[in-house]
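Here, each number is a calculation from the coordinates, and none is a lab measurement. Model, not experiment: these values are computed from the prediction. Please note: Cβ atoms are built from the backbone with ideal geometry, for glycine as well, and neighbour counts cover all protein chains shown.
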Amino acid sequence: MSERIYVGADHAGFALKEKLVDELKRLGYEPVDVGPKTLDPADDFPDYARPVAEAVSTGVVRRGVLTCGTGLGMGYVANRYPHVRAAVVWSPEIAELSRKHNDANVLVLPSRFLSEQEGLDILHTWLDTRFEGGRHQRRVEKIDT
């Protein structure tokens, strides 16, 4: 069985979300697209961040992906949920460190500041990087205490 990954965006991240969903399918993952299903400039980012963060927080899935204009709004919402470690990522290097050192389980992409290819490169790095544990484990454990 392939890993399910919840994915959501607002209007600013809609086009990138569509590409991310396609790429996840191509890579053999099972993306769960929480929306939006159509581009609506009047939508609100919390409506799409919440189902992704809730699914990760409650253990329905291990990981999620969000995108909006700056990534900040999605990150604010997602990080309000217990056990969610959402990282706003703008380069493959940051994606790698977010996983290795912080065990980030929600990737947040700032769509207005990334090309489609940059977004896909970041996604690949984030998916392929494992948490190092060790000295980082105790730090991650302190987040939810």
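Here Glu18 and Asp44 are evaluated by their C-beta separation; at R0 = 22 Å the FRET efficiency comes out at 0.70. About its Cα centre, the dipole of the chain is roughly 580 debye, where the only charges are +1 on Lys and Arg Cβ and -1 on Asp and Glu Cβ. Any idea what the relative contact order of region 50-97 is, in percent, if you count C-alpha pairs under 8 Å spaced at least 6 apart? RCO, region 50-97: 34 percent.
Only one of the values [x] 16.5; [y] 14.8; [z] 15.3 was calculated from this structure for Kirkwood radius over Cα pairs in Å; name its label. The calculated read-out lines up with [y]. Farthest toward the positive end of the dipole of region 4-143, out of Val56, Gly134, Ile5, is the Cα of Gly134, where the dipole comes from beta carbon charges about the Cα centre.
Only Cα pairs under 8 Å and 6+ residues apart enter the sum, and on that basis the relative contact order of region 4-143 stands at 25 percent.
By the compact-protein rule of thumb, 2.2 N^0.38 Å, the alpha-carbon radius of gyration of region 65-135 corresponds to a ratio of 1.03. Amide H contacts of Ile5 (H built 1.01 Å from N, in plane; Pro and chain starts excluded): Glu30, Val32 sit under 5 Å, all sequence-distant by 5 or more or on other chains.
Within the straight-line cut-off of under 16 Å between alpha carbons, the aspartates and glutamates reachable from Lys100 are Asp128, Glu132, Glu141, sequence neighbours fewer than 8 places apart in one chain being disregarded. In this label model, Leu27 and Arg138 are separated by 3.2 nm, measuring between points 7 Å along each Cα→Cβ vector. Looking at the chain, which longest stretch skips every one of the GluC sites (Glu not before Pro) that is in a DSSP loop with at most 16 other Cβ atoms within 10 Å, leaving the sites themselves out? The longest such stretch corresponds to 4-131.
Taking label points 7 Å from Cα along the Cα-to-Cβ direction, Glu3 and Thr129 give a separation of 1.4 nm.
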